[in-house]
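Participant: Please see the structure below; I have some questions.
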Amino acid sequence: QVQLVESGGGLVQPGGSLRLSCAASGSIFSIYAMGWYRQAPGKQRELVAVTVSGGSTNYADSVKGRFTISRDIAKNTVTLQMNSLKPEDTAVYCCYAGGTAGSYWGQGTQVTVSS
């Protein structure tokens with residue numbers, strides 16, 4: 001089992017920045033991918049960014065150039081730096097970990113972009 005605990009999020013004005021962090025504990029040796037998904041009201045959950053073992057990353061087209069994902073393997077954390085935020089980025093952001101034993105999710109943190 002893997003436990004994920006998120007921090008960060010909140011309310012920010014358009015054009016602002018936020019930083020989300022996710023700390024993993026438990027069977028972390030089994031994790032080969034970590035990332036973030038988001039779900040806005042009335043919409044399906046979508047991938048925001050993911051990083052896999054070896055360092056490769058993948059981003060949703062809507063966040064490329066604005067968001068940066070990074071993983072600290074020694075600290076078992078993954079961070080999402082979000083810049084130039086837009087109202088359409090408003091959603092619940094959930095941390096994700098993919099491991100050899102299954103997929104794991106955090107409880108989610110609300111990000112609201114509004115003036």
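The values are calculated or read from the model by the stated rules, or taken from the named source; none is laboratory data. Source: prediction; values computed, not measured. Protein only, heavy atoms only, side chains kept; ligands, DNA and RNA dropped before computing areas. Shrake-Rupley method; radii C 1.70, N 1.55, O 1.52, S 1.80 Å.
Participant: Which order do D89, D72, D61 take by accessible area at a 1.4 Å probe, largest first?
Facilitator: D61, D72, D89
Participant: Roll a 1.4 Å probe over the protein chains and send me the accessible area per residue for the chain in Å².
Facilitator: Accessible area per residue: 53 Å².
Participant: Taking all protein chains as present, what is the carbon and sulfur share of the accessible area of the chain, in % to the nearest whole number, probe 1.4 Å?
Facilitator: Carbon-and-sulfur percentage of accessible area, whole number: 49.
Participant: Could you put T68, T90, T100, T51 in order of accessible surface area, largest first, with the 1.4 Å probe and the full protein assembly present?
Facilitator: Ranking T68, T90, T100, T51 by accessible area, largest first, yields T100, T68, T90, T51.
Participant: Arrange the residues S21, S114 by how much accessible surface each exposes, largest first, with a 1.4 angstrom probe.
Facilitator: Per-residue accessible area, sorted high to low, gives S114, S21.
Participant: Can you give the convex hull volume of the alpha carbon atoms of the chain per residue, in Å³?
Facilitator: Roughly 91 Å³ of hull volume per residue.
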